[in-house]
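Structure, as structure tokens:
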Amino acid sequence: MAKIGMDLNRFILEEERKHKSASGSFSLALTAIESASKIVSAKVSKAGLSNILGAADEVNISGDDVQKLDVLANNLMIQHLSDSGQFCAMASEELEEAIFPEKGKDGRYVIAFDPLDGSSNINVNVSIGTIFSIHKRVNGTADDLMQQGRKQVAAGYVIYGSSTMLVYTTGNGVNGFTLDPSVGMYLLSHPDMKVPEKGKIYSINEAYANKWDDKLVAYIKGYKDKGYSLRYIGSMVSDVHRTLIKGGVFAYPADKKNPDGKLRYLYEASPMAFIIENAGGASSTGAEDTLDVKPEELHQRVPVFLGSKIDVEEMVKALK
Ligand code: AHM
Ligand code: MG
């Protein structure tokens with residue numbers, strides 16, 4: 001097992017060496033995400049100062065407003081991913097259509113990402129994150145983004161929290177790296193992460209209970225009777241990160257107003273499911289394993305239930 005404190009770049013290279021046929025292309029793809037996320041992290045940590053700095057520092061000469069952080073994160077991701085030349089197609093929560101970077105014409109991968117998930121939390125200083133999902137190129141069209149979650153070659157997130165962490169999997173265990181801001185390096189802090197088989201926390205926006213179906217209302221009441229705690233940040237990366245470490249269930253179900261829930265498949269539900277399942281947990285839409293969904297639209301929504309294997313399986317069974 002890799003040693004605690006190992007630098008992410010070395011970790012990526014050592015992983016690459018395990019695959020005899022690796023060309024280095026995949027490592028370059030991951031490194032592009034790493035560099036973009038470091039810049040986003042620096043910007044997020046100064047978010048509270050943007051009004052102050054904006055006047056002197058960040059308003060451009062034509063007098064345009066300081067760029068909103070989610071737009072900035074999106075631009076940074078696009079720039080770094082495009083420059084890497086490894087991606088032939090990209091989809092972002094911020095863009096209606098897929099984009100095809102000129103430099104990535106022969107890129108071997110496609111990527112979907114949410115540059116700054118939970119961005120409504122920026123103003124209240126709550127942790128937010130970047131989520132990404134990588135698949136292999138098939139024929140170089142936007143259809144390559146419409147692959148089942150199970151076919152991901154990598155998925156991960158960066159959480160901009162009390163510290164910045166990058167957590168990712170290539171389908172062979174989940175590893176977490178903490179950014180040491182003094183040296184600007186991600187260091188292995190959470191090797192081989194595992195979701196506890198069962199937890200004591202449920203995480204759902206209970207304010208929508210009057211739009212849920214009766215089975216869900218009854219099931220959540222059961223958690224209270226069993227002594228579970230409720231934790232809901234309203235920032236998926238933070239809620240999933242806590243679920244990965246402490247166990248329990250994170251859910252964003254369908255309700256009477258949103259028959260498919262709120263969260264998007266390509267860059268929210270699918271990568272998080274890949275991470276959680278690779279850490280020994282479970283993930284479901286209520287109807288099937290999240291990783292079996294074959295998406296049909298770029299911004300398709302799906303209901304989400306994920307977390308500890310026993311908790312998720314019991315919940316999904318009870319809701320059927
Ligand atoms: P966003 O992509 O517009 O930021 O919305 C996604 C966020 C998730 O991070 C979070 O799980 C969810 O919205 C919270 O929604 P709600 O406020 O309805 O509970
Ligand atoms: Mg989002």
**Message:** Of everything in segment 196-242, what is in contact with an Asp or Glu (Cβ under 8 Å, 6 or more places away or on another chain), within 16 Å of ligand 2 (Cβ to nearest atom) and in a helix (DSSP H, G or I)? Give them in sequence order.
**Reply:** Met236, Val237
**Item:** Thr130 being open to solvent by less than 50 Å² (accessible area, probe 1.4 Å), more than 29 Å from Thr285 (Cβ to Cβ), in contact with a strand residue (DSSP E or B) (Cβ under 8 Å, 6 or more places away or on another chain) and in a strand (DSSP E or B)
**Value:** no
**Complete:** Of the residues in segment 93-125, those that are of a type in the set (D, E, K, R), within 16 Å of ligand 2 (Cβ to nearest atom) and surrounded by fewer than 16 Cβ atoms within 10 Å (Cβ to Cβ) come to Glu96
**Message:** List the residue pairs whose Cβ atoms are under 8 Å apart, where the first residue sits in segment 270-281 and is under 15 Å from Ile310 (Cα atoms), the second is assigned to a helix (DSSP H, G or I) and open to solvent by 10 Å² or more (accessible area, probe 1.4 Å), and the two are 6 or more positions apart or on different chains.
**Reply:** Gly280/Lys309; Gly281/Lys309
**Item:** Residue tally, condition open to solvent by 30 Å² or more (accessible area, probe 1.4 Å), part of a helix (DSSP H, G or I) and more than 19 Å from Val174 (Cβ to Cβ), over segment 133-155
**Value:** 2
**Request:** Answer yes or no as to whether Ala32 is touching a His at 6+ places or on another chain (Cβ under 7 Å) and either away from ligand 1 (no atom under 16 Å from the Cβ) or modelled with pLDDT under 90 (or both).
**Result:** yes
**Item:** Failed criterion for Ser37 (all others in (1) assigned to a helix (DSSP H, G or I); (2) modelled with pLDDT under 95 hold)
**Value:** (2)
**Asked** So which residues in segment 243-253 are part of a helix (DSSP H, G or I) and buried (at least 24 other Cβ atoms within 10 Å of the Cβ), if there are any at all?
**Response** Thr243, Leu244
**Asked** For residues in segment 233-247 being over 13 Å from the mean Cα position of the chain (by Cα) and hydrophobic (A, V, I, L, M, F, W, C), which is farthest from ligand 1 (Cβ to nearest atom)?
**Response** Ile245
**Asked** Tell me, which residue of segment 122-138 that is over 16 Å from the mean Cα position of the chain (by Cα) and under 14 Å from Lys68 (Cβ atoms) is nearest to ligand 1 (Cβ to nearest atom)?
**Response** Ile122
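The values are calculated or read from the model by the stated rules, or taken from the named source; none is laboratory data. What you see is a predicted model; the values in this text were computed from it and never measured. Please note: Cβ atoms are built from the backbone with ideal geometry, for glycine as well, and neighbour counts cover all protein chains shown. Just the protein is used for accessible areas: all its heavy atoms, side chains included, with ligands, DNA and RNA removed. Shrake-Rupley method; radii C 1.70, N 1.55, O 1.52, S 1.80 Å.
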